[in-house]
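Computed from the coordinates by the stated procedures, all read-outs in this text should not be read as laboratory data. Just so it is clear, the structure is predicted and the values come from calculations on it, not from any experiment. Cβ sites come from the backbone with ideal geometry, for glycine too, and all protein chains shown count toward neighbours.
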Amino acid sequence: MRFGSVDVLQHIDLDVREGEFVCILGPSGCGKSTMLNIVAGFVEPTGGEVTIDGERVTAPDPRRIFVFQERGVFPWLTAEGNIGFGLFRLPEEERRKRIAHYVNLVGLNGFEHAFPRELSGGMKQRVEVARALAVNPDVLYLDEPFGALDSITRLQMRAELLRIWQAERKTILFVTHDIEESVQLADRVVVLSARPAHIRRIVDIDIAHPRDLSSPRYIQLRDSIFAEIGLAHKI
Amino acid sequence: MQNEELRKDGGFLHSSFCVLRSAFNSVGLPLLVGIIAVILWHAAVRFSRTEIFPSPLDVARAIGQLADQSLLWRYIGDSLVRVACGYTLAVLLGVPLGILLGWYPDAGRAVNPLIQILRPISPLAWMPLAVIWFGVSNAAPIFLIFLASFFPIVVAAAHGVRTVPPMFLQAGQNFGLTAPQLMVRVVVPAVLSRIAIGLRVAFGVAWVVLVASEMIAVDSGLGYLIIDARNAGKRYDLVVAGMLIIGVLGLILDLLLRRAESWAGERR
């Protein structure tokens with residue numbers, strides 16, 4: 001996957017391998033969401049291009065699903081209805097099987113018939129992740145998916161996402177402004193600058209999962225990113 | 001220890017007091033205000049020695065008299081049929097038109113000035129034309145009720161479409177929906193849960209217009225009851241009785257729509 005420059009983004013040149021978990025990290029408003037929207041085909045770049053498996057991206061595609069913050073679930077559908085939303089081309093029985101599988105995978109058993117307003121923020125986010133996974137995409141784009149959750153739920157959701165990623169082996173592009181989050185999740189962290197965003201550094205997170213958040217290597221990598229962004233790790 | 005028990009006891013008393021108070025606030029207080037209004041009404045009639053305006057007792061008697069006649073029930077039935085026809089027609093035409101105007105911004109921009117000119121015209125201004133076109137028949141008030149509710153519904157539906165979160169549309173596109181599929185599976189359900197309030201407002205206007213149109217365009221219904229009571233014998237007790245019946249029926253219908261609205265809201 002590679003693309004060139006746009007107005008809010010400059011000289012972004014990035015290759016992502018199949019099955020890789022990449023975090024795009026940058027300050028708020030730096031253009032990282034724009035970047036993800038371009039990659040997903042929602043926004044056309046003013047210059048440069050995005051290619052996936054040699055094929056140029058011009059429009060959104062069910063092989064690559066975008067996961068919004070929890071507000072992306074359809075409020076008029078139940079959890080089950082949401083998860084099965086993209087499965088309209090499948091025969092009824094296959095659809096039912098897939099829904100059951102993903103309800104189970106994201107731990108929503110017992111809430112199949114609940115409407116989103118009856119679910120907590122974390123559960124809504126599970127519905128959205130399940131809805132994305134149900135169509136069996138190659139790639140997931142996650143745009144600060146846990147940004148609206150409380151910090152405890154956020155930690156749980158990160159662990160869940162890693163478990164799902166390891167089970168399903170999708171390529172994941174994950175946008176966040178949370179340094180800790182990126183170091184906990186990613187194989188590689190792409191550190192963006194402020195606007196116009198360019199890539200400051202790409203950090204390999206060479207720690208096996210499950211990651212020990214108090215290991216010296218974790219702290220070292222985390223602090224190096226803090227330093228890169230120009231923050232002293234002190235309050 | 002004792003203190004704690006005291007506090008518990010106090011808590012129990014406090015909570016039952018809260019229940020009582022909330023019951024009083026939701027039922028008792030409105031009832032009290034109603035009773036005070038009736039007393040003030042009675043006193044005002046008494047002290048002003050008016051010959052025209054009836055006292056609450058006169059009106060109660062008039063309502064009893066009306067309820068004894070089958071005429072009242074026929075009039076209520078006629079009025080309900082008219083408002084149901086006009087309003088349903090407005091919903092069936094207004095919601096799809098509004099959705100299209102919201103969905104195609106160019107069409108919206110082209111049609112919007114026309115709507116904005118027609119909308120502020122009171123539906124009652126159409127009355128002379130309605131009478132010429134439809135004569136003394138159900139069609140005239142139905143037409144006026146349709147006009148009254150059509151424009152608010154179109155505007156609400158168009159606005160509903162324009163405020164559908166872009167995320168929903170993006171998600172729909174992402175899952176490979178074609179434009180018609182996107183319309184049916186995303187836009188319409190998103191709009192329906194957003195325009196419930198607009199539908200209720202439109203019904204309120206329809207109910208107001210119903211009574212006025214029945215005063216002129218037909219010879220039955222609640223509006224006609226009022227104008228007929230005055231013309232036939234200056235029976236102002238019947239006039240006020242008719243007014244009260246209209247108010248109560250309007251309230252009941254509004255409550256029903258609220259019910260429907262919260263049901264739709266549950267799907268949000």
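Ordered by the count of other Cβ atoms within 10 Å of each Cβ, fewest first, B:Cys18, A:Cys23 give B:Cys18, A:Cys23.
Computed over the alpha carbons of the range A:71-136, Rg followed by Dmax gives 10.5, 31 Å. With the Cα gyration tensor of chain B giving a ≥ b ≥ c as the square roots of its eigenvalues, does the rule (a/c under 1.5 for rounded; else a/b larger than b/c for prolate; else oblate) give rounded, prolate or oblate? It comes out oblate by the Cα gyration axes.
By other beta-carbon atoms within 10 Å, ranking B:Leu129, A:Leu87 with the fewest at the front produces B:Leu129, A:Leu87.
Show me the trypsin sites (Lys or Arg not before Pro) within the range B:162-253 that DSSP assigns to loop and that have at most 12 other Cβ atoms within 10 Å of their Cβ. Can you show the working numbers first?
Working: sites: B:Arg162, B:Arg185, B:Arg194, B:Arg200, B:Arg230, B:Lys234, B:Arg235; in loops: B:Arg194, B:Lys234, B:Arg235.
Taking the range B:162-253 and a limit of 12 other Cβ atoms within 10 Å, the loop trypsin sites (Lys or Arg not before Pro) found are B:Lys234.
Note: relative contact order over chain A, using C-alpha pairs below 8 Å and six or more positions apart, is 28 percent. Determine the shape class of the range B:134-221: with a ≥ b ≥ c the square roots of the Cα gyration tensor eigenvalues, call it rounded for a/c under 1.5, and otherwise prolate if a/b is greater than b/c, oblate otherwise. The shape class here is prolate.
Round to the nearest 0.05 the FRET efficiency obtained for B:Ala232 and B:Ile36 when R0 = 35 Å and r is the Cβ-Cβ distance.
0.60
Taking the Cα centre of each part, how many Å lie between the range A:157-197 and the range A:12-53? About 13 Å separates the Cα centre of the range A:157-197 from the one of the range A:12-53. Dividing the convex hull volume of the alpha-carbon atoms in the protein assembly as shown by its residue count gives 268 Å³ per residue. Peptides A:14-20, A:140-146 ranked from most to least packed by the mean count of surrounding Cβ atoms within 10 Å: A:140-146, A:14-20. The count of lysine pairs in the protein assembly as shown with alpha-carbon distances below 29 Å, taking only pairs 8 or more places apart or on different chains, stands at 6. Taking a ≥ b ≥ c as the square roots of the Cα gyration tensor eigenvalues, the range B:75-145 comes out oblate, since a/c reaches at least 1.5 and a/b does not exceed b/c. With neighbours defined as other Cβ atoms within 10 Å of a residue's Cβ, the residues A:Asp206, A:Asp187, B:Asp237 order from fewest to most as A:Asp206, A:Asp187, B:Asp237.
Spatial offset of the range B:106-176 relative to the range A:95-135 amounts to 38 Å, using the alpha carbon center of each.
Computed from phi, the 3J(HN,Hα) profile of the range B:62-67 under the Karplus parametrisation 6.51, -1.76, 1.60 (θ = phi - 60°) reads 5, 5, x, 5, 5, 5 Hz, with x in place of Gly and Pro. Hey, what did chain B get for relative contact order, percent, Cα under 8 Å, at least 6 apart? Once divided by the residue count of chain B, the mean separation gives 23 percent. Mean-square fluctuations from a GNM of chain B, with a 10 angstrom spring cutoff on Cα atoms, peak among B:Ala157, B:Ala84, B:Ala43 at B:Ala43.
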